[in-house]
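Asker: Just passing along the structure, written as structure tokens.
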């Protein structure tokens, strides 16, 4: 019996040591926050009859295409590691924007919640399960512009512009008003957008996903980097 207890104790100790090593030395923060692609000097061909390097006419509808990503970012406090960032990402993003001059008059985006993943399947299953996002009942999250967003100037190739956006974010079938900044640039014939929206879990009826190992802050961000192409006929 003593031998069995000793072996059992050794296994438990080894498991604890392994967890501590992973938490302190092997575990890495998630991907960095989204940023616009740097130093784009040949983003698009100038519009017909415009001067070289001038802003292109972007009027029309633009649709999200492959290469876009969205997801979430939260901060965990572990037993021995503080301020650890967890990042979930998905490429299953759809949506479009409509532009008139320098103004985005309409915009709506949707992400498949169950497709959002981190570096840990157990965490992902918990995130998409009934205890947090309940993706089976609420499969998508949406962000919709409710007021026009004016960039004031159309981006020239290689230049970024920023606008304040006012809209609505829907998580778990609960919709809340949101206000956030959007960065944009023209990149290889596409429009590239980057934005992040602060989220307080309780505002959307989301239970704090803390557990015995990690204490999660009461808020996080929804973030996105989107590539859009002009819709056919637009």
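Nothing in this text is a laboratory measurement; each read-out follows from the coordinates by a stated rule. All values derive from a computational prediction rather than experimental measurement. So basically every Cβ, Gly included, is an ideal-geometry build from the backbone, and we count neighbours across all protein chains shown.
Asker: Which whole-number percent gives the relative contact order of region 31-230, counting Cα pairs below 8 Å spaced six or more residues apart?
Answerer: It rounds to 26 percent for region 31-230.
Asker: Spin-label point model (7 Å from Cα, Cβ direction): what's the residue 234 to residue 181 distance in nm?
Answerer: Taking the two extended label points, one gets 2.5 nm.
Asker: If I model a spin label at residue 100 and residue 218 as a point 7 Å from the Cα along the Cα→Cβ vector, what separation in nanometres do I get?
Answerer: 4.2 nm
Asker: Could you tell me the calculated FRET efficiency between residue 147 and residue 92, based on Cβ-Cβ distance and R0 = 25 angstrom, to the nearest 0.05?
Answerer: Values: r = 27 Å, r/R0 = 1.09.
FRET efficiency, residue 147 to residue 92: 0.40.
Asker: Between residue 203 and residue 140, 0.36 nm times their residue separation minus their Cα-Cα distance comes to what?
Answerer: Net length gain for the segment: 21.0 nm.
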